[in-house]
1. Are any of the pairs 68/153; 141/214; 115/292; 21/68; 22/68; 141/278 more than 22 Å apart by Cα-Cα distance, and if so, which?
2. Can you bin every Cα-Cα distance in the range 232-292 into 10 Å intervals starting at zero and give me the percent of pairs per bin, rounded to whole numbers?
3. When the Karplus curve 6.51 cos²θ - 1.76 cosθ + 1.60 is applied with θ = phi - 60°, which whole-Hz ³J(HN,Hα) does each residue of the range 204-215 get, with x for Gly and Pro?
4. Within 10 Å, count the other beta carbons around each residue, average over each peptide in 52-60, 5-13, and list them highest first.
5. Rounded to two decimals, what is Rg over Rh for the chain when you use alpha-carbon atoms and the Kirkwood radius?
6. Where both partners of a DSSP beta bridge lie in the chain, what percent of those bridges are antiparallel, to the nearest 5?
7. Give me, ordered by chain and number, the residues 5 or more places off residue 126 or on other chains with an amide H under 5 Å from its own placed amide H.
8. In a Debye calculation with equal point scatterers on the alpha-carbon sites of the range 90-246 and no solvent, what is log10 I(q)/I(0) at q = 0.10, 0.17 Å⁻¹?
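Every number in this text was worked out from the coordinates using simple rules, so none of it is lab data. Every value quoted in this text rests on a predicted model; they were computed, and no experiment measured them. Cβ atoms come from the backbone with ideal geometry, glycine included; neighbour counts cover every protein chain shown.
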Amino acid sequence: MSTEEAWTINRLLTWTADYFKKQNIEQPRLEVEVLLGYALGCERIQLYTRFGEVVTDEQRAKFREFVKQRVQSMPVAYIVGKKEFYSLNFTVTRDTLIPRPETEHLVMAVLDAIKATPELAPHHVADVGTGSGIVAIAIAKHAKSSTVLAIDKSPAAVEIARQNAASLGVDARVKTCVGDLLSGIDPAEQFFAIAANLPYVSDSEFEQLDKTVKDFEPTSALVAGPIGTELIAKLIPQAAAQLVSGGLLALELSPMIADRVVDLVASDGNFEPAYVIKDLAGHKRIVAAKRK
Ligand code: GLN
């Protein structure tokens, strides 16, 4: 290709996807489309109707900056400040973990419990360690009978969760607050379900994480301590105290600690035997149990 050849959208996509591939980026084409859409101020999918269009120097300079950040391992979600979860569009910043598709199982566990008990409406739910608010907001969106308290110890994350609840139109039913697990919550506030995707990575596992995660996502949202179960272990008795009888505790975790968490729930003594939900990759991902 001659260098004088115009930089059409199609040519930029092809060239950059190839470059990303050489940089071992896992989904080169998808990521390039997201970044170019962002640089041009349009949806990724709209690029397909604009293949022949020549991009301006200004647009190309913007795009080049995003490409550079990605090659330096910055996740695309942080570059564009957005990530889709449960078919909803969330704002994310470096103060919040990037939503993972596995977390949809946590949302589904709570939604199933809500749908199975219409007679218990309104369903009051807590999302502990809410981050960008995805779990709380997806539950509120899909269960109109729910009210959700979204808690995080990071004030910056709580602010993002609050903004997401407002922009997704559920701020009337999603309240946000800064707090350390459930320790600051009024003991009289009883929940139908408590969902938590708490930090569960151990110190040594953290060292093994990919650069895109380790160097960019908030360490405090990932790492629990030397063994990984620290925060979950702290939450279990707190949850027992705040759940109604028959209420659901649903915890997201890594397959490495799933069996240990099942044992922790059993040894607490206040729950029915826990059950495990696997993610689409077949990994143990959620441990859930009902309050006796
Ligand atoms: N609940 C949020 C999520 O699932 C944040 C989780 C976290 O920061 N550990 O993305």
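1. Working: 68/153 33 Å; 141/214 31 Å; 115/292 20 Å; 21/68 14 Å; 22/68 14 Å; 141/278 24 Å.
Too far apart for the 22 Å limit: 68/153; 141/214; 141/278.
2. Using 10 Å bins, I get a P(r) of 25, 56, 18, 1 for the range 232-292.
3. Residue by residue, the range 204-215 yields 6, 5, 4, 4, 7, 5, 4, 4, 4, 8, 4, 8 Hz.
4. Working: 52-60: 13.2, 5-13: 15.8.
Going from most to least packed, we get 5-13, 52-60.
5. Answer for the chain: 1.04.
6. Working: 15 of 37 bridges.
The answer is about 40 percent antiparallel.
7. Distant-sequence amide H within range of residue 126: 149, 193, 194, 195.
8. -0.34, -0.98
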